[in-house]
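Participant: Just dropping this structure here.
The values are calculated or read from the model by the stated rules, or taken from the named source; none is laboratory data. Keep in mind that this is a model prediction, so the values were computed, not measured. FYI the Cβ positions are ideal-geometry reconstructions off the backbone, even for glycines, and counts take in every protein chain you see. Note: areas computed on protein heavy atoms with side chains; ligands, DNA, RNA excluded. Shrake-Rupley method; radii C 1.70, N 1.55, O 1.52, S 1.80 Å.
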Amino acid sequence: MNIGILGNGNVGNVLAEIFHKLGHPVQIGVRDLKDEFEKKHYIEYVGFEDIAEDNEIIVIAVPGNKVEKAISSIKNPEGKIFIDLTNPVGEDFVLTRGRYTSNGEVIQEILKDSHIVKTLNTVGVEKLVEPTVTGKKLTMLIAGNNKIANKKVEELVFEMGFDPMIVGDIHFSRYLEPLAMIWIEMVRKQGKSFENGLVWLR
Ligand SMILES: NC(=O)c1ccc[n+]([C@@H]2O[C@H](COP(=O)([O-])OP(=O)(O)OC[C@H]3O[C@@H](n4cnc5c(N)ncnc54)[C@H](OP(=O)(O)O)[C@@H]3O)[C@@H](O)[C@H]2O)c1
């Protein structure tokens, strides 16, 4: 499956390597193709606006408080699956949006003919690479409106090594985004080990 990633940052590059190792062709969308940056042989680089052209799934991996601007230029997003792993976190790791809405819901409103699936936002990059703790698979919660899109993303998340769990429609994003703050505060602010994560027993 062809996968596109919007954002050439920390998460974008870690995911590109994971997907490449799983056998998926990967494109990364960059803001300016003329910028000087380290290029990896297994990644095809395209402009932000072209990230939906050749890819079935596109991962949005840009800063959570810049997401509207980043997705506004994407051409032909209709019918595509977008994984939204952003967290609306501003300066000093403070949540800037929530309770009555979320990044996932705002993105779904903007890309109204695309299928937004919220997931992969509740762990740090370390656990995207190795989604287990003491040998147990971490649960990865998934939310989106379209059953087929949710299922496709569930399969990908399973391939990555998580225990996926679809929780409901895209409005669940407003619960999944604050959930990430527990991990962000503990690991990024308090300096605790990243060897922890959520397991949902059922
Ligand atoms: N870090 C984690 O452990 C983690 C885990 C789960 C989810 N997330 C979420 O993943 C997303 C990406 O995080 P990251 O750590 O990969 O961030 P990052 O390293 O700062 O990378 C952000 C990327 O977004 C691009 N970008 C696009 N539009 C932008 C704009 N208007 N302003 C600034 N940058 C813009 C940047 O482009 P340039 O290269 O041109 O600057 C850069 O490639 C965030 O929403 C975060 O909440 C992070």
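Participant: So which of 16, 70, 61 ends up being within 12 Å of the ligand (Cβ to nearest atom), out of contact with any His (no Cβ under 7 Å at 6 or more places or on another chain), in contact (Cβ under 8 Å) with a residue 60 or more places away in the chain and open to solvent by less than 20 Å² (accessible area, probe 1.4 Å)?
Facilitator: Selected residue: 70, the only one of 16, 70, 61 that is within 12 Å of the ligand (Cβ to nearest atom), out of contact with any His (no Cβ under 7 Å at 6 or more places or on another chain), in contact (Cβ under 8 Å) with a residue 60 or more places away in the chain and open to solvent by less than 20 Å² (accessible area, probe 1.4 Å).
Participant: What is the one condition in (1) within 23 Å of residue 9 (Cβ to Cβ); (2) open to solvent by 70 Å² or more (accessible area, probe 1.4 Å) that residue 138 does not satisfy?
Facilitator: (2)
Participant: Conditions first: (1) away from the ligand (no atom under 16 Å from the Cβ); (2) of a type outside the set (Gly, Ala, Ser); (3) at pLDDT 95 or above. Residue 178 passes all but one, so which condition is the exception?
Facilitator: (1)
Conditions (1) out of contact with any helix residue (DSSP H, G or I) (no Cβ under 6 Å at 6 or more places or on another chain); (2) within 13 Å of the ligand (Cβ to nearest atom); (3) farther than 17 Å from residue 152 by Cβ, marked per residue:
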{"site": "4", "(1), (2), (3)": "yes, no, no"}
{"site": "22", "(1), (2), (3)": "no, no, no"}
{"site": "40", "(1), (2), (3)": "yes, no, yes"}
{"site": "76", "(1), (2), (3)": "yes, no, yes"}
{"site": "79", "(1), (2), (3)": "yes, no, no"}
{"site": "95", "(1), (2), (3)": "no, yes, yes"}
{"site": "100", "(1), (2), (3)": "yes, no, yes"}
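Participant: For the range 73-88, give me the residue count where each residue is hydrophobic (A, V, I, L, M, F, W, C), open to solvent by 10 Å² or more (accessible area, probe 1.4 Å) and within 16 Å of residue 125 (Cα to Cα).
Facilitator: 1
Participant: Search the range 103-124 for residues that are farther than 12 Å from residue 144 by Cα and at pLDDT 95 or above and pair each with any residue that is hydroxyl-bearing (Ser, Thr, Tyr) and assigned to a helix (DSSP H, G or I) when their beta-carbon atoms are under 8 Å apart and the residues are at least 6 apart or on different chains.
Facilitator: Cβ pairs passing all conditions: 103/173.
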